[in-house]
Amino acid sequence: MNKFLKVLSIMVLFTMIFTACAPKTKAEVVEEPTVAEEADTNAATTEKPLAGQEITFLTIQPHTVASQNLAQWFEEETGCKVTVDVVPYDNVVEKAVLDVTSGVGYYDVIDFWYPGLGTLVENGVLKNLDEWYAQNEAELELDDLIVTFKDVFTTIDGHKYAFPFDGDMHLLYYNTEIFEKYGQTFPTTWDEYYDTCKAITEAGAADGVYGCAIMGAKSPLILIGTYLNRLGSYGGAFFDADGNPTINSPEAVAALEALVAQAEYALPTASAVAFDEALGGWFTGKAAMVEFWTDLPGMTDDPESSSIVGKWGVGPLPMGSGEKAKVVASVNAGFGIGVSAVAPHPNAAMEFLKFVARPDIAARYNTVVGGIDPVRYSTLEDPAYIEFAGEDIVNAIKTAHANAITWPTSAKWFELQEPLTDNLSLALIGEKTPQQALDDTQATWLQILGK
Amino acid sequence: MKNKLEQISPRIMAIPAWVFLIFFSIVPLIYVVSSSLTNSTLAQPFKDFIWFNNYKQAILDENFGRSLLNTFLFAFVVTSLETLLGFLLAYAVRGIRGLSTLLRSIALLPMFTPPVAVSMIWKLIYDPNSGLMNHYLMQWGITKGLIAFLGDSKLAFPSIMFADIWQWTPFCFILCYAALQALPKAPFEAAEVDGASGWTVFKRLTLPLVLPQVIVVFLFKLLISLKVFDLVYMLTFGGPGNITQVASFYIYRVAFKQFNTGYAAALSFLMLLIITIIATLVIKGREFFMRRSE
Amino acid sequence: MASVELRNVWKIYKGDVEAVKNVSWKCEDREFFSILGPSGCGKSSSLRMIAGLEEITKGEIIFNDRVVNHLRPKERNVAMVFENWALYPNLSVYENIAFPLRARNMPKNIIDEKVKAAARFLDLEGILHKNAQRLSGGEMQRVSIGRAIVREPDVLIMDEPISHLDASLRARMREELKTQVSRLGVTTLYITHDQVESMAMADRIAVMNQGEIQQIGTPLEIYHHPYTEFVAGFIGEPPANFVDVEVFVEKEKHFIKCSAFSFELNKFWSKQFDSKRENRIRMGVRPEDIGISFEATENCCGLLVDFVEIQGDRTIITLKVGDQLFLSEVLGDIRPETGQTIYVKFNQDNIHFFSLEDGKNLFFDAEMKS
């Protein structure tokens, strides 16, 4: 008995110590020389302003090439070395939060998935940029930022924490050769999409050709994105104007039912298809349609990765049915860029942020292969960009922005994503009916929000 | 007559071991238990002291219950199959002299491969379009169309189990082999002279003598399987739906996707208790068997 | 019941290790036949070949005029008592004894009968339920015998069954074993390295060394008329003494001479050396055949005492013979002093002469005749 009491008292003691201290350790900020006095340098020294300095840039795997380009250009201009750290897109918010809360504070600049903005801010990961925005307003040409992204990617509770970086949106692509072979035309509603898909699959499955590739893998970015393409177009939404969840509204259920029906004729099996599998099917001409981002044309016309060069077309996402139906373009994926609140090299980090945010740099990185989509109106008018991406795409993007819907960015959203992803997945494989799945989601959401 | 130094130097020698034990076992355990009694998130650990609320939530949590069932199902099925297969293989080769080191190394390769690499390999094998599995199944005429193993609600779990069996049967094999080699040779010669058939010898002699060790092998592997994570993370991410979501994976999601570390700590501690209970039961079972055969 | 015969049997292990070289002997039906020799002499290999646990490289093994080389152990109907007894550790005494019967699928009631009979015979009834691992050494030995005899084998083979019991237990076990086996009247092959055991228990002994048979005979034959120097030295305790000697003739008298002593041979030996010219030979004499006296007598040799070991009922005196030492055993309590010269006379009825080339007893036939 004695021993037991000893152990128990030690545990209680420790608990109290931990609770009392609850340290939020800040990583040591390394003082390094400020960049001042370089703007009007005399030509005497050709030394670069940030020579000898280093920063670390946390970015996602699909942005590897683009990030390396940026790193290279930044070093050329300022002499500051940028170490690029790449993680899967699913993990970047998690990684950033861990970095800060564990006290390590390794990263300076963070390329993050925008729905995680609220989470990042709540956990104190991102530095407040209000002042920076105010100071650099002119240079950054804030009015040039596409309105879809301008606030959503940057602002929480009226304060600025990031700058838009990659403006992803989904469009509907189709394989012109397959369409011709099976006598199909571009669908403008999800019902037509379903019919097209079904027709092609029934005729072509024996040859391994399917009407569409649907990305239904159990990851929020993938599965909720695919669902949102339908949800919005049926007139549904995650929340109403007052912030109450409406995930089991009749429109939401109809959208999920459509998705589940379509998945039956999609590239097998939708619930296991993510980026790579969808692209695999698309590039090899096995999938006639795919909802994908605006960088797809570049990759499709690259003979090294694709065997369907030039055999594609693009259009907006189909519309739902019902009285609330409308054309939408969901901002699926999409990334902002911010500076860590505990960045070890804050000054150099801020310079890098400004670098990436500059219109001239944006023009550069949008026009090389790297998968970064425009966040500025000027990019869409830039002849270089139009030539690079193709006129069709640029027009499609412009149209899309008129109908864009974005994901929530509140602090609770990351928690809400999980039950939604789970239930969508269960509905997709037939373990729950769409109504059931969304009712359950609604119930869980109310519980989470009610807390 | 030991002087002071001789008396205390053994204790000093033991200090590194103590340090290791404290830092890697005791402190984390205390931390987890403390954390589980509080409302903690990744950013703000030890926010408030909420006593046993996390545990109450855990008991009511359907997802957790489901994940535990998945874990038990997985663990018992794969462990049983691996122990059985490992034992049969060991029994089959027990008589071969000089089971060369090379052959043994090859047999053990799956165990030496890093778990993440194993998971990646199987992910590629199971790929519906370009994977080996579909390729050979169709080539040998066993199936007609492409099968998405990891996306199919009925095949996902068995697929993960199959990969685990591939990875860990060598472990059971090598341990059972050692156990069989350690059996005394003389009684078996006596049995030969006494005229017993192979089956009689196995049933009445080999099996009862080697069973205590085989149970230990079963227990070791069971403890390993109850903590399975890599395969699930890489192959299915708990999907489709929640079908392959095992307990450790669910805890990972709670901690790193929902950032609720206090709750995750409570779940972890509950898992610890459950695993301890299971292990104790197996050990008691073995003792019972050993006593009964005396 | 059966006789066991080995005819020109060889056992060669991998790597050309010749464990058994051209061995031939025959054990008659119901005989207690012992194979005796030091470690590595080939006795265990011979035994295992007889049981069927080892392949016979060359030669034949015959049970009752039937060649059994190709028969599996089960088919030979031999029962074996192993060194360390090899009981089935997880089974009870009852089950151990019953095992060979169960292996033959005998009906349960018959098994029960036979097991109980064997248990009665060996006084094991009280411990039938005990687990084999919890028995004492003596109990284990009896169970091992029980298991061997329960199926009424043709041949009972025992491989050093009591060699690792402690000395006092061993003596008692020797007695018990011999009694039980004689009562059974089964052909018994008994392997041991302990010559005391062989001498006490066997009807006939085959002495082996380095894979070869040295001599086969009754205990007394072997003791008094060793065929080789090895046999003479191996049998008997304390061991026999050996020394290289010369034979020379002087005035028609034959003398034995070595650096430490010389003496005249008697008529018998003179006659032998007449017919066989030998010069340098090896003489062997047992300790009890060395007569001791404190006074010089006719035809004796004076030797220095090196050490005296008092054993109460007899005394062992170590004598210096050139650079060698001789042991002599004398009844009674004689106390010579170290360094003292005493006078020694060898009992010529019991001395032997061996060839320096091959160790064979030069006059074996003559000894046997006389």
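The values are calculated or read from the model by the stated rules, or taken from the named source; none is laboratory data. What you see is a predicted model; the values in this text were computed from it and never measured. Glycine also receives a Cβ, built like all others from the backbone with ideal geometry; neighbour counts cover every protein chain displayed. With ligands, DNA and RNA removed, areas are computed over all heavy atoms of the protein, side chains included. Shrake-Rupley method; radii C 1.70, N 1.55, O 1.52, S 1.80 Å.
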Query raised in the report: With (1) open to solvent by 20 Å² or more (accessible area, probe 1.4 Å); (2) more than 14 Å from every other protein chain (Cβ to nearest Cβ); (3) touching a Leu at 6+ places or on another chain (Cβ under 7 Å); (4) not polar (S, T, N, Q) as the list, and A:Val253 as the residue in question, which single condition is left unmet?
Result: (1)
**Report entry** Qualifying positions in the range C:209-225 - outside any strand (DSSP E or B) and more than 11 Å from the chain's Cα centre (by Cα)
**Finding:** C:Gln210, C:Gly211, C:Leu220, C:Glu221, C:His224, C:His225
Report task. Determine, yes or no, whether A:Ala241 is surrounded by fewer than 21 Cβ atoms within 10 Å (Cβ to Cβ) and not in a helix (DSSP H, G or I). Result -> yes
Query - Yes/no for B:Tyr233 being surrounded by fewer than 24 Cβ atoms within 10 Å (Cβ to Cβ), within 14 Å of another protein chain (Cβ to nearest Cβ) and not in a loop (DSSP other than H, G, I, E, B) - result: yes
Query raised in the report: Got a sec? Which of C:Val155, C:Val115, C:Val78 is farther than 27 Å from C:Val9 by Cβ and either surrounded by 23 or more Cβ atoms within 10 Å (Cβ to Cβ) or touching a strand residue (DSSP E or B) at 6+ places or on another chain (Cβ under 8 Å) (or both)?
Result: C:Val115
Query raised in the report: Among the residues of the range C:97-109, is any more than 11 Å from every other protein chain (Cβ to nearest Cβ) and part of a strand (DSSP E or B)?
Result: no
**Report entry** Qualifying residue in the range A:95-102 (condition: on the phi < 0 side of the Ramachandran plot, touching a residue at least 40 places away in the same chain (Cβ under 8 Å) and away from chain B (no Cβ under 13 Å))
**Finding:** no
Report task. Answer yes or no as to whether A:Ile448 is β-branched (Val, Ile, Thr), in contact with a Phe, Trp or Tyr (Cβ under 8 Å, 6 or more places away or on another chain) and either assigned to a helix (DSSP H, G or I) or open to solvent by less than 40 Å² (accessible area, probe 1.4 Å) (or both). Result -> no
Report task. Give me the pairs, please: first residue somewhere in the range C:66-87 and in contact (Cβ under 8 Å) with a residue 40 or more places away in the chain and within 9 Å of chain B (Cβ to nearest Cβ), second residue anywhere and open to solvent by 70 Å² or more (accessible area, probe 1.4 Å) and small (Gly, Ala, Ser), beta-carbon distance under 9 Å, and either six or more positions apart or on two chains. Result -> none
Query raised in the report: Taking only pairs six or more apart or across chains, which ones have beta-carbon atoms under 9 Å, a first residue in the range A:271-290 that is without any contact (Cβ under 8 Å) to a residue 24 or more places away in the chain, and a second residue that is basic (Lys, Arg)?
Result: A:Gly280/A:Lys286
Query raised in the report: In the range A:95-130, which residues are open to solvent by 20 Å² or more (accessible area, probe 1.4 Å) and outside any loop (DSSP other than H, G, I, E, B)?
Result: A:Lys95, A:Leu98, A:Thr101, A:Val121, A:Glu122, A:Asp130
Report summary line: B:Leu42 vs (1) within 14 Å of another protein chain (Cβ to nearest Cβ); (2) surrounded by fewer than 16 Cβ atoms within 10 Å (Cβ to Cβ): all pass except (2)
Requested in this report: Starting from residues that are under 21 Å from A:Gly232 (Cα atoms) and not in a helix (DSSP H, G or I), keep the ones in the range A:178-202 and report whichever is least open to solvent (accessible area, probe 1.4 Å).
Outcome: A:Pro187
Query raised in the report: Scanning for something of a type outside the set (Asp, Glu), within 14 Å of another protein chain (Cβ to nearest Cβ), outside any helix (DSSP H, G or I) and open to solvent by 40 Å² or more (accessible area, probe 1.4 Å), does the range B:150-160 turn up at least one residue?
Result: yes
Query raised in the report: Can we say B:Ile224 is at pLDDT 90 or above, away from chain C (no Cβ under 13 Å), out of contact with any strand residue (DSSP E or B) (no Cβ under 7 Å at 6 or more places or on another chain) and open to solvent by 40 Å² or more (accessible area, probe 1.4 Å)?
Result: yes
Requested in this report: Return only the number of the condition from (1) within 23 Å of A:Ser67 (Cβ to Cβ); (2) open to solvent by 40 Å² or more (accessible area, probe 1.4 Å); (3) at pLDDT 85 or above; (4) more than 14 Å from every other protein chain (Cβ to nearest Cβ) that A:Ala341 does not satisfy.
Outcome: (4)
Query raised in the report: Would the range A:216-235 turn up any residue that is within 22 Å of A:Val147 (Cα to Cα) and not in a helix (DSSP H, G or I)?
Result: yes
Query raised in the report: Which residue out of C:Ile35, C:Ile50, C:Ile61, C:Ile56 is of a type in the set (A, V, I, L, M), in a loop (DSSP other than H, G, I, E, B) and assigned by TED's automatic domain parsing to the domain that holds C:Ser182?
Result: C:Ile56
Report task. Being under 20 Å from the mean Cα position of the chain (by Cα), hydroxyl-bearing (Ser, Thr, Tyr) and open to solvent by 10 Å² or more (accessible area, probe 1.4 Å) is the filter here, so list the residues in the range C:4-46 that pass it. Result -> C:Ser24, C:Ser39, C:Ser44, C:Ser45
Query raised in the report: Yes or no: C:Gly40 part of a loop (DSSP other than H, G, I, E, B) and away from every other protein chain (no Cβ under 13 Å)?
Result: yes
Query raised in the report: Could you list, in sequence order, the residues of the range B:236-271 that are in a helix (DSSP H, G or I), in contact (Cβ under 8 Å) with a residue 60 or more places away in the chain and within 14 Å of another protein chain (Cβ to nearest Cβ)?
Result: B:Phe249, B:Tyr250, B:Ala255, B:Phe256, B:Thr261, B:Gly262, B:Tyr263, B:Ala265, B:Ala266, B:Phe269
Query raised in the report: Out of curiosity, is A:Val260 part of a helix (DSSP H, G or I) and surrounded by fewer than 22 Cβ atoms within 10 Å (Cβ to Cβ)?
Result: yes
Query raised in the report: Which ones in the range B:185-205 are at the interface with chain C (Cβ under 7 Å from one of its Cβ atoms), open to solvent by 10 Å² or more (accessible area, probe 1.4 Å) and not hydroxyl-bearing (Ser, Thr, Tyr)?
Result: B:Ala186, B:Glu189, B:Glu192, B:Ala196
Report summary line: Filtering the range C:348-370 down to residues that are in a loop (DSSP other than H, G, I, E, B), modelled with pLDDT of 85 or more and open to solvent by 60 Å² or more (accessible area, probe 1.4 Å) yields C:Leu356, C:Glu357, C:Asp358
Report summary line: Those residues of the range C:118-138 that are part of a helix (DSSP H, G or I) and without any contact (Cβ under 8 Å) to a residue 24 or more places away in the chain come to a total of 4
Query raised in the report: What are the residues in the range C:262-313 that are free of Cβ contacts under 8 Å to residues at least 40 places away in the same chain, touching a helix residue (DSSP H, G or I) at 6+ places or on another chain (Cβ under 9 Å) and either open to solvent by less than 80 Å² (accessible area, probe 1.4 Å) or among the acidic types (Asp, Glu) (or both), if any?
Result: C:Glu264
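Filter the range A:397-441 for residues that are small (Gly, Ala, Ser), open to solvent by 20 Å² or more (accessible area, probe 1.4 Å) and within 13 Å of another protein chain (Cβ to nearest Cβ) and give the result.
Listed by number, the residues that qualify are A:Ala411, A:Gly430.
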